[in-house]
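Contents: one structure, followed by commentary.
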Number of protein chains: 2
Amino acid sequence: MRAIRLNGNQLSFQGEHPPVELDGFIKVDVLTAGICETDMQLRQGYMGFQGTLGHEFVGLATSGRFAGQRVVGEINCACHNCPVCHAGHPRHCPHRTVIGILNHDGAFADSLWVPEANLHAVPDSLSTDEAVFTEPVAAACRILEQVDITAESTVIILGDGRLGNLCAQVLSSTGCAVQVVGKHDWKLRRLRDLNISTVELSDFQPSKSADVVVDCTGSTSGFELALQAVQPCGDVVLKTTVAAEQSLHLAPIVIDEVRVIGSRCGPFAPALQMLADGRVQVKNLISARYPLEEAQNAFSHAEQPDTLKVLFDVADK
Amino acid sequence: MRAIRLNGNQLSFQGEHPPVELDGFIKVDVLTAGICETDMQLRQGYMGFQGTLGHEFVGLATSGRFAGQRVVGEINCACHNCPVCHAGHPRHCPHRTVIGILNHDGAFADSLWVPEANLHAVPDSLSTDEAVFTEPVAAACRILEQVDITAESTVIILGDGRLGNLCAQVLSSTGCAVQVVGKHDWKLRRLRDLNISTVELSDFQPSKSADVVVDCTGSTSGFELALQAVQPCGDVVLKTTVAAEQSLHLAPIVIDEVRVIGSRCGPFAPALQMLADGRVQVKNLISARYPLEEAQNAFSHAEQPDTLKVLFDVADK
């Protein structure tokens, strides 16, 4: 089958990659897949991943209870049998594989194999192009599981990229006051079109006033800015991993009794619901689409600072 | 009156310092006061404090509803009238003074002035030497307000100094499993005498297994060790301020979805109760006692690594 493979730091399209069927998992024939910031980090050596990339996808289940249906799949494949799983944290199972990220071939291919427990049917009302955003929308929904956000909360989101945009939409659904701080007027304008307040980074005056600050910058400067923007006893949510080491003063966390909360993968069911009922709008985040054969061009496009989301068209439904 | 003053980095005993009476506050005649790690940091320039040092004290209230009684006093003096106070965080009031730390003369003196709302009567059953530990015990009690710790929780405390000892005792009172990691066998032995589990740092094998890790090391290495010891979705409580900048990778916080919680001052009422009913034992933490006149010797003693708590005997009751 066709697959986009990572070997060392070398990305390559392979027209005849022999599929590795995973026993007990459901074969999913991929329709559409999206390139994520993590894919670009994996290419730089993050996690040391080798294999088929891709963890944002919509496909057709070929067997099991979703046979013939369009499905999306949670990416952490847990053992469901260890203390961490029993403690209710299967996404952190130390024995897990992670689709397209850790010991598990991913979705930039004609097919991938997914545990049935990870699959969710895509509602008929939801297009495949929208459903491919389920994984990043779920990551944004994770914040609502971790932090108490109500209609009275004030939330600042640092970063106007893909994830900042989705976090802003998901958190706005609570009725809270969201302000997005970004560097790109054209990205901020898309948020203003959704009635979300925005401010350019150069005009932003942090004032230790927000109940919650979400760092989606992916840069080392985001965390210190977040500490300047959050109120005493407030929450700073770290949504993006920064691979680089950085110099920091931790004393402000103690003095202001801030809670810093790491936030990663989230629940698919509410994400699908938010996409289906239109609370989260994603169609205007698609910057370009490529066939699998054009892997190099697609990744080059995704790496441009002006790009939001690049999709692979793998098959038609 | 007598007072130990900080001018620049110069600590000096003054036999005839003119008292500055604070209007509307209660004059408290000091009986005993304790030197805290923060006092030594203030002497190094922390907070830029200038004035009379001392924030751990027991005294006699000279007026108001506690007149004639032994009292201890919470150290943050809030305005009770701003958005932060109204949000329920008076200890973080931006207009506050902090006794012996910020714009408020402290307790290493014959008298100090304290808002009546900050005072708590010392139970008759509690000795003055024990009650002088109320402020640091309250700081340990703060953790119980911030983190859900039950009899089923596993807690690791990094650091076997004064604060590590008190945190271990306070958290043990919940019935949870506490283990203290330290460098000094004689300090760890005191904890084992209280039936608290201990391990030498050189023998400690962090295994991402603790529900809660409390960093009381006061050193830059504590935080990274805490991240290695806490389980996914667990809590790291930062209890000590480290003035120095440090190099850090924040990615593990995100990947393991750890919550990092800054923790500072705490509630006096439960601290007094724990001291009064013997759940927290402090008498064997007193290393030495000095009169105010021997300020230099007392601070030199407190700075020795083998010292736990140094007290000033200010007056007899």
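The values are calculated or read from the model by the stated rules, or taken from the named source; none is laboratory data. Because the structure is predicted, anything quoted here is derived from the model rather than measured. Heads up, the Cβs are rebuilt from the backbone with ideal geometry, glycines too, and the neighbour counts pull from every protein chain shown. The accessibility values were calculated without ligands, DNA or RNA, using every heavy atom of the protein model including side chains. Shrake-Rupley method; radii C 1.70, N 1.55, O 1.52, S 1.80 Å.
Determine whether region A:286-300 contains at least one residue that is charged (D, E, K, R) and not assigned by TED's automatic domain parsing to the domain that holds A:GLY54. I'd like the intermediate steps shown before the answer.
Kept after step one, since they are charged (D, E, K, R), are these residues of region A:286-300: A:289, A:293-294.
The next check asks that each one be not assigned by TED's automatic domain parsing to the domain that holds A:GLY54; those that pass are none.
For region A:286-300, residues charged (D, E, K, R) and not assigned by TED's automatic domain parsing to the domain that holds A:GLY54: absent.
Within region A:203-221, the residues that satisfy the criterion of being without any contact (Cβ under 8 Å) to a residue 12 or more places away in the chain and farther than 20 Å from B:PRO83 by Cβ are A:ASP203, A:SER221. Tell me yes or no: at least one residue of region B:3-10 is open to solvent by 10 Å² or more (accessible area, probe 1.4 Å), modelled with pLDDT of 95 or more and out of contact with any Cys (no Cβ under 8 Å at 6 or more places or on another chain). Within region B:3-10 (the criterion being open to solvent by 10 Å² or more (accessible area, probe 1.4 Å), modelled with pLDDT of 95 or more and out of contact with any Cys (no Cβ under 8 Å at 6 or more places or on another chain)), the answer is yes, since at least one residue qualifies. Of all residues being touching a residue at least 60 places away in the same chain (Cβ under 8 Å) and within 14 Å of chain B (Cβ to nearest Cβ) in region A:81-117, which is farthest from A:GLN41 (Cα to Cα)? Just the residue, please. Among them, the one singled out is A:ARG91.
Condition first: in contact (Cβ under 8 Å) with a residue 60 or more places away in the chain and farther than 30 Å from A:SER125 by Cα. Now tell me which residues in region A:231-276 satisfy that.
Going through region A:231-276, the residues in contact (Cβ under 8 Å) with a residue 60 or more places away in the chain turn out to be A:235, A:237, A:239-241, A:243, A:261, A:263-272, A:274-276.
Those that are in contact (Cβ under 8 Å) with a residue 60 or more places away in the chain and farther than 30 Å from A:SER125 by Cα: A:ASP235, A:VAL237, A:THR240, A:THR241, A:ALA243, A:ILE261.
Selection of region A:183-193 for residues being within 23 Å of A:ILE149 (Cβ to Cβ) and exposed (fewer than 15 other Cβ atoms within 10 Å of the Cβ) yields A:ARG192, A:ASP193. One residue stands out among those in region A:35-57 that are closer than 14 Å to A:THR97 by Cβ and among the polar types (S, T, N, Q): the one that is least open to solvent (accessible area, probe 1.4 Å), which is A:THR52.
Pick from B:GLU135, B:GLU224: which is among the acidic types (Asp, Glu) and within 30 Å of A:SER263 (Cβ to Cβ)? Walk me through how you get there before you give the answer.
Numbers: B:GLU135 fails: within 30 Å of A:SER263 (Cβ to Cβ).
From the options B:GLU135, B:GLU224, the qualifying one is B:GLU224.
Counting just the residues of region A:57-79 that are without any contact (Cβ under 8 Å) to a residue 24 or more places away in the chain and over 22 Å from the mean Cα position of the chain (by Cα), which one comes out nearest to A:THR38 (Cα to Cα)?
As a first pass, look at region A:57-79 and keep what is without any contact (Cβ under 8 Å) to a residue 24 or more places away in the chain: A:67-68, A:78-79.
Those left that are additionally over 22 Å from the mean Cα position of the chain (by Cα): A:67-68, A:79.
Numbers: A:ALA67: 29, A:GLY68: 29, A:CYS79: 23 Å.
Filtering region A:57-79 for residues that are without any contact (Cβ under 8 Å) to a residue 24 or more places away in the chain and over 22 Å from the mean Cα position of the chain (by Cα), the one nearest to A:THR38 (Cα to Cα) comes out as A:CYS79.
Counting residues in region A:24-38 that are over 18 Å from the mean Cα position of the chain (by Cα), in a strand (DSSP E or B) and either free of Cβ contacts under 8 Å to residues at least 60 places away in the same chain or outside the structural domain of A:PHE299 (by TED's automatic domain parsing) (or both) gives zero. Hey, any hits in region A:63-72 for a residue that's away from chain B (no Cβ under 14 Å) and crowded, with 23+ Cβ neighbours inside 10 Å? Yes: one or more hits.
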